[in-house]
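Notes follow once the structure below has been shown.
The values are calculated or read from the model by the stated rules, or taken from the named source; none is laboratory data. Computed from a predicted model, the values in this text were never measured in an experiment. All Cβ positions, even for glycine, are placed from backbone atoms using ideal geometry, and neighbour counts span all protein chains on display. Please note that ligands, DNA and RNA were not included when accessible areas were found on the heavy atoms of the full protein model with its side chains. Shrake-Rupley method; radii C 1.70, N 1.55, O 1.52, S 1.80 Å.
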Amino acid sequence: QLETLEQEEQERLELRPHPTDKTTHIVSHEHGMTVWKTLQEGEAEPQCQSFSYSRAKLQGLLLEGASLLLLRVLARRQTMPPDLVFPAINTEGDLCTSSY
């Protein structure tokens with residue numbers, strides 16, 4: 001039973017003349033999960049968006065941190081269950097599936 005309560009991701013791309021900063025903050029709450037994304041290119045105003053997912057849509061969700069932990073456990077056990085598929089959130093914040 002893995003559950004992500006909160007996750008923060010930060011990326012910075014140093015391209016001249018406009019470096020790009022991207023931040024994603026994900027928080028679990030009683031109704032589901034909320035994702036905040038911020039993108040800033042150079043000196044421009046940051047572009048912010050947020051969206052939420054209900055608990056029903058997130059049943060079995062596996063975010064990046066939990067995925068890394070699961071991979072370590074599977075490697076240690078030296079076993080891989082067949083057809084291991086989990087719901088995930090991609091880099092754009094959309095629901096997708098993650099297969100192992």
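Of everything listed in (1) closer than 23 Å to E30 by Cβ; (2) modelled with pLDDT of 85 or more; (3) assigned to a loop (DSSP other than H, G, I, E, B), the single unmet condition for G60 is (2). A residue that is open to solvent by 90 Å² or more (accessible area, probe 1.4 Å), part of a strand (DSSP E or B) and at negative phi cannot be found anywhere in the range 64-76.
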